[in-house]
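I have placed the structure first, in the form of structure tokens, so that the comments after it can refer back to it.
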Amino acid sequence: MLWALILFILLTSHQGGSAITRFEDIFNHPMTEAVKHYEGLRLVPYKCPAGKWTIGYGHLCPPDQRPISKEEAERLLRWDMLDAFGAMLRQWPEGADAPAHQLAALTSFVFNLGEGNFASSTLLQRLRARKFSDVPAQIRRWNKATVDGVKKRLPGLVKRRQCEALCFEAGEVVIIK
């Protein structure tokens, strides 16, 4: 949790607190409810489809992680979303002034895929080139996970990417079940 505190301090000092205000807008955006829906809530550790130990709302953990409460899961989600928001802005600093719905969609995307995948993505290239109309299609491409050593298209990721793409494009959050 120390890294999240350091990130909080850096974001606050770097932009006079505006980044944290933006994060609050993002965390309170309906996209966070979509993240909760697509991640699901598990209070005991489990292996996600990609084989990673997870708890709460998609929080990576060690296999011997103790069970947590719903309140702890909410706190972990907040920290993880803050981390994803910071990662997104590190990779695309020009995005600091983007509309909240676009930042919410991208924060969900980075939360799910990690900064490394985002950093090497064509999606980020399109953002940097200001080709925003290309972004929804780029989001939708990331619908696979490596399961038992094989990349597989996962129906849950297809739905989540559709939700994120719609949010980025039109500001609509539609939870696809």
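The numbers here are math on the coordinates, done by the rules we state, and not lab data. Given the structure is predicted, the values throughout are model-derived calculations rather than measurements. When we count neighbours, we look across all protein chains shown, and the Cβ atoms used for this are built from the backbone with ideal geometry, even at glycine.
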- Candidate set from segment 106-133 (those that are surrounded by 15 or more Cβ atoms within 10 Å (Cβ to Cβ) and among the charged types (D, E, K, R)); member that is farthest from MET81 (Cα to Cα): ARG126
- Message: Residue under question is THR54, and the condition is that it be among the hydroxyl-bearing types (Ser, Thr, Tyr), within 17 Å of PHE23 (Cα to Cα) and not in a loop (DSSP other than H, G, I, E, B); does it hold?
- Response: no
- Message: Cβ-Cβ under 8 Å, sequence separation 6+ or interchain: first residue in segment 65-90 and hydroxyl-bearing (Ser, Thr, Tyr), partner outside any loop (DSSP other than H, G, I, E, B). Which pairs?
- Response: SER69/LEU43
- Query: What residue, among those in segment 134-177 that are without any contact (Cβ under 8 Å) to a residue 40 or more places away in the chain and of a type in the set (Val, Ile, Thr), is surrounded by the most Cβ atoms within 10 Å (Cβ to Cβ)?
  - Reply: ILE139
- Task: Would you be able to tell me the number of residues in segment 108-146 that are in contact with a Leu (Cβ under 7 Å, 6 or more places away or on another chain) and in a helix (DSSP H, G or I)?
- Result: 4
- Item | Extreme residue, farthest from ARG126 (Cα to Cα), among residues of segment 70-88 that are surrounded by 18 or more Cβ atoms within 10 Å (Cβ to Cβ) and touching a His at 6+ places or on another chain (Cβ under 9 Å) | ALA73
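Results for (1) basic (Lys, Arg); (2) surrounded by 20 or more Cβ atoms within 10 Å (Cβ to Cβ); (3) in contact with a helix residue (DSSP H, G or I) (Cβ under 7 Å, 6 or more places away or on another chain), shown as yes or no for each residue.
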position: HIS29; (1), (2), (3): no, yes, yes
position: CYS48; (1), (2), (3): no, no, no
position: ILE55; (1), (2), (3): no, yes, no
position: HIS101; (1), (2), (3): no, yes, yes
